[in-house]
Amino acid sequence: MSGQAIDEKQLIGTGLKKRTEEALANDFLRKAVAFTTDKLRTGKRQAMDDFGHWEEWRERARAIRKHVVENLDYYLTQFSDNVAKTGGHVYFCQSGEEAVRTFLDIAEKRRAKLVAKGKSMVSEEIHLNHRLEEKGIEAIETDLGEYILQLAKETPSHLIIPAIHKNKQQIADIFSAESGESFAPETKVLAGYARQRLRNYFLEADIGLTGCNFAVAESGSITLVSNEGNGRMVSTLPKCHVVVMGMERLVPSYDDLEVVLNMLARSATGQKLTTYTSMITGPRREGELDGPEELHVIVLDNGRSAQLGDPVFQEVLHCIRCAACLNVCPVYRHVGGHTYGSVYSGPIGAVLTPLLQQDMKEAGQLAYASSLCGACYEACPVKIPLHDMLVQLRARKVKLGLTPLAERVAFKTYQTAFGNVTLYRMAAKSVYYLQKPLIRKGYIKQGIGPLAGWTQSRFLPMKPKKSFRERWEELQRELKAQGRPGSGASAQGGDRA
Ligand code: SF4
């Protein structure tokens, strides 16, 4: 059993428009995503108010992340040394392929046949389940949402609520198909079934695999936050624990951890703290009863270090994966996560995916999946200016000549017309005459070409014969003829008081 492998390059590029249309036509999906993201937003707002001094906390969290990313080499070395001191092993992997091979080597040495997985977006990023399946190793997702999606052969559609697009009836159907029994669509029943199924996997797994919410450099500790407790089971019951983490997921100290944990839980779900917060420092020591015999930490680069030193994009590495930007994004809320065709969706996904894949042609199209309203920046607990980054990604696409020919011609024409006042006036005048065949009762109700999409859900008011500037100048002349002083302001913008 494995999660559906994603061919991201194929999905992201040509499929984006089609997936958007499908998502918009899916009323259930839109309602389900809006319902849950509304709940998360309300919870976050309440948590911010209760906490108080939110902007100061936000600034502090940003400063911590900025400091870590600016000194990543130092903190990675400190973290790695401390993991080694406690008996663990650290592997630095440049690419997803290298990370997969490292994991397979560990699995081979342990003769592993079964891997119990906690929630790990990085393992999704490197398509680990798919590769394990190829090698005959069974990987079981133990996070409830991920487990549902694994059975449904789907990928996550939200960073922290992977099955956000499914309701209880759909989950009951999935579990019924899996077990041959019939389940009522009730939370208790469904959670009970999953708990009973997963318990054996925790006990039988050869390897427990988890992600890492934050790694503490000063102690070499791995921090896992979860609301289900599966992370704790996966990291303690199997004899071998493998952590797969992005190279930027560090904080210098426990003091810093306190700040980012406070921001993560509140921003993600509105909780003060997640139900389980586990800090793991090394494998089981002599005399200890619990914990794995081995701890391996795979630290993944996969395009992250390419952002270091970039004046615009380095900040994307500050992300703490809280998903607050998804919950407020008007685009994500309408189309859900699968539309993005990438493991990472929403505004952070639209920025991160082209950067990590270093692919502006296909993945770069995600930069247009935004209204640039800036809600993502306002929601972000570490103040990442995602909307600015999306504009910069679009600019990069233009510079690389990756935009369609028609678009390039249109903008060149626009630039020429707006750069010359005579041409601008002529162009503005001609629009009045060009629009005439399309006008119905003062509106363009059915546009052609690029206008067709615009008028699908709204009417475009017709451009009046005279521009504001012409009418203003006329008015000034009339007032002058009547011997009245007028405003004195020029329509050329001379008076800006
Ligand atoms: S970009 Fe900000 S809001 Fe979005 S997931 Fe990352 S930390 Fe959270």
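The values are calculated or read from the model by the stated rules, or taken from the named source; none is laboratory data. In this text the structure is predicted, and so the values were computed from the model without any measurement. Backbone-built Cβ (ideal geometry, glycine too); neighbour counts: all protein chains shown. Just so you know, the surface numbers come from the protein's heavy atoms only, side chains and all, with ligands and any DNA or RNA stripped out. Shrake-Rupley method; radii C 1.70, N 1.55, O 1.52, S 1.80 Å.
Under the Kirkwood approximation applied to all pairs of distinct alpha-carbon atoms, what is the hydrodynamic radius of the stretch 73-121 in Å? Don't skip to the end; give the middle numbers.
Numbers: mean 1/r = 0.0787 Å⁻¹.
One decimal place: 12.7 Å for the Kirkwood radius.
Among beta bridges from DSSP that stay inside the chain, the antiparallel ones total about 30%.
Using the Cα centre of the stretch 297-441 as the reference point, and only Cβ charges (+1 on K/R, -1 on D/E), how large is the resulting charge dipole? Debye, rounded to the nearest 20.
On the way: 16 positive and 8 negative charges, 185 e Å.
Here the size comes out at about 880 debye.
In the complete set of protein chains, residue-level accessible area for Lys168 is approximately 110 Å², probe 1.4 angstrom.
Full extension of the chain segment joining Trp454 with Ala177 gains 95.5 nm, where the gain is 0.36 nm per residue of separation less the Cα-Cα distance.
Each of Ala184, Ala375, Pro404 was scored by the projection of its Cα onto the charge dipole of the chain, and the greatest displacement toward the positive side belongs to Pro404; charges sit on the C-beta of Lys, Arg, Asp and Glu.
For the chain, the longest principal axis of the alpha carbon atoms and the long axis of helix 346-357 meet at an angle near 70°. Volume per residue of the convex hull around the Cα atoms, evaluated for the chain, comes out as 193 Å³.
Look at the dipole of the chain built from charges on Cβ: of Met279, His127, Tyr340, the Cα furthest out on the positive end belongs to Tyr340. Using a probe of 1.4 Å on the protein chains alone, the accessible area found for Met233 is around 70 Å².
Under a point-charge model restricted to the Cβ atoms of Lys and Arg (+1) and Asp and Glu (-1), what is the dipole moment magnitude of the chain relative to its Cα centre, in debye to the nearest 20? All intermediate terms of the calculation are to be shown ahead of the outcome.
Working: 66 positive and 57 negative charges, 649 e Å.
Dipole of the chain, to the nearest 20 debye: 3120 debye.
Among 408-421, 328-341, 198-211, the peptide with the highest mean count of other Cβ atoms within 10 Å heads the list, and the full ranking is 328-341, 198-211, 408-421. The phi torsions of the stretch 123-136, fed into the Karplus equation with coefficients 6.51, -1.76 and 1.60 and a -60° offset, translate into couplings of 5, 5, 4, 9, 6, 5, 4, 4, 5, 5, 4, 4, 8, x Hz, rounded to whole numbers, with Gly and Pro shown as x. Left without a cysteine partner by the 4.7 Å Cβ rule in the chain: Cys93, Cys212, Cys240, Cys319, Cys322, Cys329, Cys373, Cys380. Excluding ligands, DNA and RNA, the accessible surface per residue across the stretch 409-496 is 82 Å² with a 1.4 Å probe. On the beta carbon distance between Arg469 and Asn26, with R0 = 45 Å, the FRET formula returns roughly 0.45.
The mean accessible area for residues of the stretch 8-307, using a 1.4 Å probe and ignoring ligands and nucleic acids, is 46 Å² per residue.
Give me the percent of accessible area attributable to carbon and sulfur for the chain, probe 1.4 angstrom. Spell out each step's value before the answer.
Numbers: 13340 of 24820 Å².
Carbon with sulfur: 54 percent of the solvent-accessible area.
Given R₀ = 45 Å, FRET efficiency for Glu56-Tyr276 by Cβ-Cβ distance, to 0.05? After rounding to 0.05, the efficiency reads 0.95.
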